[in-house]
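The values are calculated or read from the model by the stated rules, or taken from the named source; none is laboratory data. The model shown is predicted, which means the values in this text are computed figures rather than measured ones. Cβ atoms come from the backbone with ideal geometry, glycine included; neighbour counts cover every protein chain shown. Each accessible area value is taken on the protein alone, full model and side chains, heavy atoms only, with ligands, DNA and RNA left out. Shrake-Rupley method; radii C 1.70, N 1.55, O 1.52, S 1.80 Å.
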Amino acid sequence: MPRPSDSLWDIAIGEVQRKENGGNEDDSEGAGQSERSVFFMGNKNGGKTTIILRCLDRDEVPKPTLALEYTFGRRAKGHNTPKDIAHFWELGGGTSLLDLIRIPITSESIRSFSVVLVLDLSKPDELWSSMESLLHSTRNHVNKVIADIGKTNSKLANQIKQDVWKSMPKEHPDRELIDPFPIPLLITGSKYDIFQEFESEKRKVVCKTLRFVSHYYGASLMFTSKSETVKAVTRSFINHLAFGLDKSKSVSVDHNKPLLIPAGSDSLSQIGSPPASSSDLRQFSGSTPMELWKNVYKRFFPPQSVNDKKDVKDPAKDPQYAESEIDSMRAQKDQELEQYKRNADKSWKSMGLDSRIR
């Protein structure tokens, strides 16, 4: 498993040793260390940090994520071989800090980058809005990065665009009906232990909707819970993204159980039509498939006032990061600043009056 206890100094030493023992640079690259990046985003307090800590085997109490946080893990391929490195990025604040997406996703990292969208199943009325905002912003930025790459390396840009189809079998009947996300995507439904207590019909709507969205974007879908078996599957999927390890090939589409659907293993015929009457579906006949599912979902779960939209851009004003001593000092400095502004304003007015008298 990864060893996040290794410091950057350890990584530097290992890199020097790898170059010294690996002969020329080209040979060392062939059998050497690989690096991948995994970007976690989703609902506030949705369980992103918990998933990362589990995958890194770190027994820590999760803390609220401040803006954009980074950690890493390492895993050895074998005895006396370089360790692969996984960079873990986590976006805090739900949908309030979308501008930070551009920091980890760059033209240098995009070839080995994947996204994990964590959705809180216990809050279905917030689920669609969060999912839509996060995926839309991320997709726009990724497409911009690919376009920038294409200006100088069209071959590489085209290769990135083709890679998104790897998870979809060539003979799959839905290849012409879906629109894959531009980089590997895993949609994760968290807090299944609470969700499983919902009414069966509500669970069915959420499950069918997430199955459609995941399949449409060529993404994998899984639910997480406190079950040790489910935890193991979660680690398997994350380690696949982070270190290229084999992931679980199991499939579960039963809405009475945690969903587990690897990319490319579902189909529109198995998912079925949106859970609505024929007359309701006809009202949305002019919409795209995604809009149709969105409208049906929101009929079952009318969106409430999402807290993320009320979030301020300045994390210093976010109550979840409150620290009494720091906040009191900040308040004192703010008062001193306001007093300084008032005194300065009086001084300028006085100077203006004096000049007119003269």
Go through Lys83/Lys191; Lys44/Lys208; Lys63/Lys226; Lys123/Lys170 and tell me which ones have a Cα-Cα distance over 27 Å in this structure. Lys83/Lys191; Lys123/Lys170
Between segment 76-111 and segment 35-75, the alpha-carbon center distance in angstrom: 11 Å
Of Thr188, Thr229, Thr288, which has the most accessible area and how do the rest follow, probe 1.4 Å? Thr229, Thr288, Thr188
Orientation-averaged projected area, Cα convex hull of segment 121-181 (nm²): 5.6 nm²
Cα gyration tensor shape of segment 213-262, rounded if a/c is under 1.5, else prolate or oblate by comparing a/b with b/c: oblate
Heavy-atom SASA rank of Glu199, Glu69 (probe 1.4 Å, accessible area, largest first): Glu199, Glu69
Relative contact order for segment 155-299: what percent, with Cα pairs under 8 Å and sequence separation of 6 or more? 25 percent
Roll a 1.4 angstrom probe over the protein heavy atoms and tell me the percent of accessible area of segment 117-214 that is carbon or sulfur. 49 percent
Probe 1.4 Å, all protein chains present, accessible-area order of Met329, Met290, largest first: Met329, Met290
Quick check: pseudo-label points 7 Å beyond the Cα along Cα→Cβ at Ser269 and Lys166, how many nm apart are they? 2.8 nm
